[in-house]
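Let me begin by presenting the structure, written as C-alpha coordinates, before commenting on it.
The values are calculated or read from the model by the stated rules, or taken from the named source; none is laboratory data. Computed from a predicted structure; not experimentally measured. As a convention, Cβ positions derive from the backbone with ideal geometry for all residues, glycine included, and neighbour counts pool all protein chains shown.
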(Lines give C-alpha, C1' and ligand atoms only; values in the text may rest on other atoms or scores of the structure.)
Protein backbone atom coordinates (compact mmCIF):
# COMPACT_ATOMS: atom_id res chain seq x y z
CA UNK A 1 0.00 0.00 0.00
CA UNK A 2 1.38 3.41 -0.93
CA UNK A 3 2.40 6.06 1.55
CA UNK A 4 -0.30 8.54 2.55
CA UNK A 5 0.39 11.48 4.85
CA UNK A 6 -3.11 12.93 5.02
CA UNK A 7 -4.14 14.20 7.54
CA UNK A 8 -0.93 16.10 8.22
CA UNK A 9 1.77 14.42 10.23
CA UNK A 10 3.93 17.54 10.42
CA UNK A 11 4.44 19.23 13.80
CA UNK A 12 2.46 22.43 14.33
CA UNK A 13 2.30 24.94 17.20
CA UNK A 14 -0.80 23.13 18.45
CA UNK A 15 0.66 19.66 17.91
CA UNK A 16 4.43 19.70 18.51
CA UNK A 17 5.27 16.13 17.53
CA UNK A 18 4.74 12.40 18.00
CA UNK A 19 3.11 11.31 21.25
CA UNK A 20 3.19 7.78 22.58
CA UNK A 21 -0.24 6.46 23.54
CA UNK A 22 0.16 3.46 25.88
CA UNK A 23 -2.02 0.40 25.50
CA UNK A 24 -2.34 -3.25 26.40
CA UNK A 25 -0.43 -4.45 23.33
CA UNK A 26 2.40 -1.95 23.58
CA UNK A 27 0.73 1.25 22.53
CA UNK A 28 0.75 3.40 19.41
CA UNK A 29 2.00 6.82 18.32
CA UNK A 30 -0.11 9.91 17.69
CA UNK A 31 1.40 11.94 14.86
CA UNK A 32 -0.50 15.07 13.93
CA UNK A 33 -4.12 14.01 13.45
CA UNK A 34 -3.17 10.38 12.79
CA UNK A 35 -2.33 7.29 14.79
CA UNK A 36 0.60 5.05 13.78
CA UNK A 37 1.00 1.45 14.83
CA UNK A 38 3.03 -1.58 13.72
CA UNK A 39 1.68 -3.67 10.89
CA UNK A 40 1.57 -7.42 10.37
CA UNK A 41 0.33 -10.02 7.88
CA UNK A 42 -3.20 -9.21 9.07
CA UNK A 43 -3.04 -5.50 8.22
CA UNK A 44 -4.28 -5.71 4.60
CA UNK A 45 -7.40 -7.59 5.69
CA UNK A 46 -8.10 -5.10 8.49
CA UNK A 47 -7.63 -2.12 6.17
CA UNK A 48 -9.90 -3.72 3.61
CA UNK A 49 -12.56 -4.20 6.27
CA UNK A 50 -12.33 -0.66 7.66
CA UNK A 51 -12.43 0.84 4.18
CA UNK A 52 -15.55 -1.19 3.36
CA UNK A 53 -17.25 -0.19 6.60
CA UNK A 54 -16.50 3.48 5.97
CA UNK A 55 -17.90 3.15 2.46
CA UNK A 56 -21.09 1.66 3.89
CA UNK A 57 -21.46 4.63 6.22
CA UNK A 58 -20.58 3.14 9.60
CA UNK A 59 -19.58 5.86 12.02
CA UNK A 60 -17.36 5.55 15.05
CA UNK A 61 -14.39 3.91 13.34
CA UNK A 62 -10.89 5.10 12.42
CA UNK A 63 -10.31 5.81 8.73
CA UNK A 64 -7.38 4.18 6.95
CA UNK A 65 -4.66 6.39 5.50
CA UNK A 66 -2.14 3.84 4.25
CA UNK A 67 1.31 2.93 5.54
CA UNK A 68 4.11 5.38 6.37
CA UNK A 69 7.82 5.25 5.49
CA UNK A 70 8.53 3.35 8.72
CA UNK A 71 6.11 0.59 7.75
CA UNK A 72 3.47 1.63 10.29
CA UNK A 73 -0.20 1.80 9.45
CA UNK A 74 -1.83 5.22 9.38
CA UNK A 75 -5.36 5.66 10.73
CA UNK A 76 -7.23 8.79 11.72
CA UNK A 77 -7.01 10.02 15.30
CA UNK A 78 -10.42 10.28 16.98
CA UNK A 79 -10.79 13.01 19.58
CA UNK A 80 -12.04 12.02 23.02
CA UNK A 81 -10.83 10.02 25.97
CA UNK A 82 -10.26 6.36 26.55
CA UNK A 83 -11.79 4.39 29.41
CA UNK A 84 -9.46 3.36 32.27
CA UNK A 85 -11.39 0.18 33.00
CA UNK A 86 -9.61 -0.63 36.26
CA UNK A 87 -10.46 2.80 37.70
CA UNK A 88 -14.01 3.47 36.56
CA UNK A 89 -17.28 1.88 35.48
CA UNK A 90 -18.83 3.40 32.38
CA UNK A 91 -22.16 5.16 32.79
CA UNK A 92 -25.31 3.24 31.92
CA UNK A 93 -25.92 5.57 28.99
CA UNK A 94 -22.43 5.02 27.58
CA UNK A 95 -22.81 1.26 27.98
CA UNK A 96 -26.12 1.26 26.10
CA UNK A 97 -24.71 3.47 23.34
CA UNK A 98 -21.70 1.17 22.87
CA UNK A 99 -23.90 -1.92 22.71
CA UNK A 100 -26.15 -0.18 20.19
CA UNK A 101 -23.11 0.67 18.07
CA UNK A 102 -21.95 -2.95 18.24
CA UNK A 103 -25.36 -4.14 17.06
CA UNK A 104 -25.26 -1.69 14.14
CA UNK A 105 -21.77 -2.87 13.22
CA UNK A 106 -22.81 -6.53 13.35
CA UNK A 107 -25.92 -5.94 11.25
CA UNK A 108 -23.85 -4.12 8.63
CA UNK A 109 -20.86 -6.45 8.51
CA UNK A 110 -23.17 -9.45 8.13
CA UNK A 111 -23.15 -8.68 4.40
CA UNK A 112 -19.35 -8.37 4.20
CA UNK A 113 -17.79 -11.31 2.40
CA UNK A 114 -14.17 -10.98 1.23
CA UNK A 115 -13.59 -12.50 -2.20
CA UNK A 116 -11.37 -15.30 -0.91
CA UNK A 117 -9.29 -16.26 2.14
CA UNK A 118 -7.74 -13.54 4.25
CA UNK A 119 -5.02 -13.56 6.89
CA UNK A 120 -6.30 -12.42 10.30
CA UNK A 121 -4.17 -11.95 13.40
CA UNK A 122 -5.94 -14.52 15.56
CA UNK A 123 -6.21 -17.11 12.79
CA UNK A 124 -2.46 -17.69 12.55
CA UNK A 125 -0.36 -17.56 9.40
CA UNK A 126 -2.79 -19.38 7.10
CA UNK A 127 -5.46 -17.37 5.25
CA UNK A 128 -9.00 -18.43 6.12
CA UNK A 129 -12.51 -17.86 4.82
CA UNK A 130 -15.62 -17.10 6.83
CA UNK A 131 -17.55 -20.16 7.89
CA UNK A 132 -21.35 -20.27 7.58
CA UNK A 133 -22.91 -18.08 10.26
CA UNK A 134 -19.70 -16.19 10.98
CA UNK A 135 -19.06 -12.49 10.51
CA UNK A 136 -15.89 -10.47 10.78
CA UNK A 137 -15.94 -9.45 14.44
CA UNK A 138 -13.96 -6.70 16.11
CA UNK A 139 -12.78 -9.39 18.57
CA UNK A 140 -11.51 -6.86 21.14
CA UNK A 141 -14.41 -4.45 21.86
CA UNK A 142 -13.52 -4.01 25.52
CA UNK A 143 -14.26 -0.64 27.09
CA UNK A 144 -10.53 0.20 26.93
CA UNK A 145 -10.99 0.43 23.14
CA UNK A 146 -13.84 2.96 23.34
CA UNK A 147 -13.58 6.67 22.75
CA UNK A 148 -15.91 8.81 24.86
CA UNK A 149 -16.74 12.46 24.29
CA UNK A 150 -18.86 14.58 26.65
CA UNK A 151 -20.30 11.50 28.31
CA UNK A 152 -21.19 9.69 25.10
CA UNK A 153 -19.72 6.71 23.24
CA UNK A 154 -18.36 7.95 19.90
CA UNK A 155 -15.96 5.34 18.51
CA UNK A 156 -14.42 1.87 18.67
CA UNK A 157 -10.68 1.76 17.98
CA UNK A 158 -7.86 -0.83 17.76
CA UNK A 159 -9.08 -3.12 14.99
CA UNK A 160 -5.94 -5.23 14.57
CA UNK A 161 -7.56 -8.31 16.15
CA UNK A 162 -10.57 -8.23 13.80
CA UNK A 163 -11.40 -11.55 12.17
CA UNK A 164 -13.96 -14.31 11.76
CA UNK A 165 -16.19 -14.99 14.73
CA UNK A 166 -19.70 -15.20 16.12
CA UNK A 167 -21.55 -11.97 16.99
CA UNK A 168 -22.38 -13.14 20.51
CA UNK A 169 -18.68 -13.54 21.22
CA UNK A 170 -18.09 -9.86 20.45
CA UNK A 171 -20.92 -8.89 22.78
CA UNK A 172 -19.56 -11.22 25.47
CA UNK A 173 -16.12 -9.62 25.24
CA UNK A 174 -17.67 -6.18 25.55
CA UNK A 175 -19.46 -7.27 28.72
CA UNK A 176 -16.26 -8.55 30.27
CA UNK A 177 -14.81 -5.07 30.78
CA UNK A 178 -17.84 -2.81 30.31
CA UNK A 179 -20.32 -4.26 32.80
CA UNK A 180 -17.68 -5.28 34.10
CA UNK A 181 -17.69 -9.05 34.65
CA UNK A 182 -13.95 -9.47 35.16
CA UNK A 183 -14.26 -7.98 38.65
CA UNK A 184 -16.86 -8.05 41.39
CA UNK A 185 -19.22 -5.06 41.48
CA UNK A 186 -21.91 -6.95 43.38
CA UNK A 187 -24.36 -9.49 42.02
CA UNK A 188 -27.36 -7.14 41.96
CA UNK A 189 -25.54 -4.38 40.09
CA UNK A 190 -24.01 -6.89 37.69
CA UNK A 191 -27.43 -8.37 36.91
CA UNK A 192 -28.94 -4.92 36.39
CA UNK A 193 -26.27 -3.95 33.87
CA UNK A 194 -26.54 -7.31 32.08
CA UNK A 195 -30.21 -6.56 31.57
CA UNK A 196 -29.27 -3.19 30.04
CA UNK A 197 -26.98 -4.95 27.57
CA UNK A 198 -29.57 -7.60 26.72
CA UNK A 199 -32.23 -4.97 26.05
CA UNK A 200 -29.91 -2.79 23.98
CA UNK A 201 -28.65 -5.59 21.73
CA UNK A 202 -32.04 -7.35 21.59
CA UNK A 203 -30.92 -10.81 20.49
CA UNK A 204 -30.04 -13.14 23.37
CA UNK A 205 -31.18 -13.66 26.93
CA UNK A 206 -28.93 -13.01 29.94
CA UNK A 207 -28.13 -16.67 30.68
CA UNK A 208 -27.12 -17.30 27.08
CA UNK A 209 -24.90 -14.24 27.28
CA UNK A 210 -23.27 -15.42 30.50
CA UNK A 211 -22.49 -18.77 28.87
CA UNK A 212 -20.90 -16.91 25.98
CA UNK A 213 -18.79 -14.76 28.31
CA UNK A 214 -17.23 -17.76 30.02
CA UNK A 215 -16.57 -19.44 26.67
CA UNK A 216 -15.25 -16.32 24.93
CA UNK A 217 -12.85 -15.32 27.69
CA UNK A 218 -11.50 -18.85 27.90
CA UNK A 219 -10.87 -18.61 24.16
CA UNK A 220 -9.12 -15.29 24.75
CA UNK A 221 -6.59 -16.95 27.06
CA UNK A 222 -5.96 -19.64 24.45
CA UNK A 223 -5.42 -17.05 21.73
CA UNK A 224 -3.00 -15.06 23.88
CA UNK A 225 -1.05 -18.23 24.69
CA UNK A 226 -0.92 -19.14 20.99
CA UNK A 227 0.25 -15.64 20.11
CA UNK A 228 3.01 -15.84 22.70
CA UNK A 229 4.06 -19.19 21.25
CA UNK A 230 4.43 -17.69 17.77
CA UNK A 231 6.16 -14.55 19.16
CA UNK A 232 3.42 -12.08 18.25
CA UNK A 233 4.80 -8.79 19.66
CA UNK A 234 1.43 -7.67 21.01
CA UNK A 235 0.85 -10.94 22.80
CA UNK A 236 4.39 -10.90 24.19
CA UNK A 237 3.63 -7.48 25.65
CA UNK A 238 0.48 -8.87 27.27
CA UNK A 239 2.65 -11.61 28.77
CA UNK A 240 4.60 -8.94 30.65
CA UNK A 241 1.29 -7.91 32.23
CA UNK A 242 0.56 -11.38 33.51
CA UNK A 243 -1.42 -12.80 30.60
CA UNK A 244 -2.88 -15.26 29.94
CA UNK A 245 -2.86 -16.37 33.60
CA UNK A 246 -4.42 -13.12 34.78
CA UNK A 247 -7.50 -13.70 32.64
CA UNK A 248 -7.62 -17.39 33.57
CA UNK A 249 -7.77 -16.37 37.23
CA UNK A 250 -10.47 -13.81 36.50
CA UNK A 251 -12.56 -16.33 34.58
CA UNK A 252 -12.32 -18.73 37.52
CA UNK A 253 -13.46 -15.97 39.90
CA UNK A 254 -16.33 -15.06 37.57
CA UNK A 255 -17.40 -18.69 37.51
CA UNK A 256 -17.63 -18.64 41.32
CA UNK A 257 -19.75 -15.44 41.28
CA UNK A 258 -22.04 -16.60 38.54
CA UNK A 259 -24.64 -18.40 40.69
CA UNK A 260 -25.26 -15.23 42.69
CA UNK A 261 -25.62 -13.19 39.48
CA UNK A 262 -28.10 -15.70 38.05
CA UNK A 263 -30.10 -15.59 41.27
CA UNK A 264 -30.45 -11.81 40.86
CA UNK A 265 -31.46 -12.22 37.23
CA UNK A 266 -34.17 -14.69 38.27
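Summed over the range 84-108, residues that are touching a strand residue (DSSP E or B) at 6+ places or on another chain (Cβ under 7 Å) and at pLDDT below 95 total 0. Considering 88, 97, the condition of being part of a helix (DSSP H, G or I) and more than 21 Å from residue 48 (Cα to Cα) is satisfied by 97 alone. Report the residue count in the range 126-138 for those that are within 12 Å of residue 105 (Cβ to Cβ) and assigned to a loop (DSSP other than H, G, I, E, B). The qualifying residues number 1.
Scan the range 49-71 for residues that are within 19 Å of residue 141 (Cβ to Cβ) and part of a strand (DSSP E or B) and the total you get is 1.
Of all residues in the range 60-74, those that are out of contact with any helix residue (DSSP H, G or I) (no Cβ under 7 Å at 6 or more places or on another chain) and without any contact (Cβ under 8 Å) to a residue 60 or more places away in the chain total 3. If I ask for residues that are part of a helix (DSSP H, G or I) and either surrounded by 15 or more Cβ atoms within 10 Å (Cβ to Cβ) or at pLDDT below 95 (or both), which ones from the range 172-191 would you list? 172, 173, 174, 175, 176, 177, 178, 187, 190, 191, listed by residue number. Taking the numbered list (1) exposed (fewer than 13 other Cβ atoms within 10 Å of the Cβ); (2) touching a residue at least 60 places away in the same chain (Cβ under 8 Å); (3) closer than 19 Å to residue 166 by Cβ in turn, residue 149 passes all entries but (3).
Taking the numbered list (1) at pLDDT 95 or above; (2) surrounded by fewer than 23 Cβ atoms within 10 Å (Cβ to Cβ); (3) in contact with a strand residue (DSSP E or B) (Cβ under 8 Å, 6 or more places away or on another chain) in turn, residue 123 passes all entries but (1).
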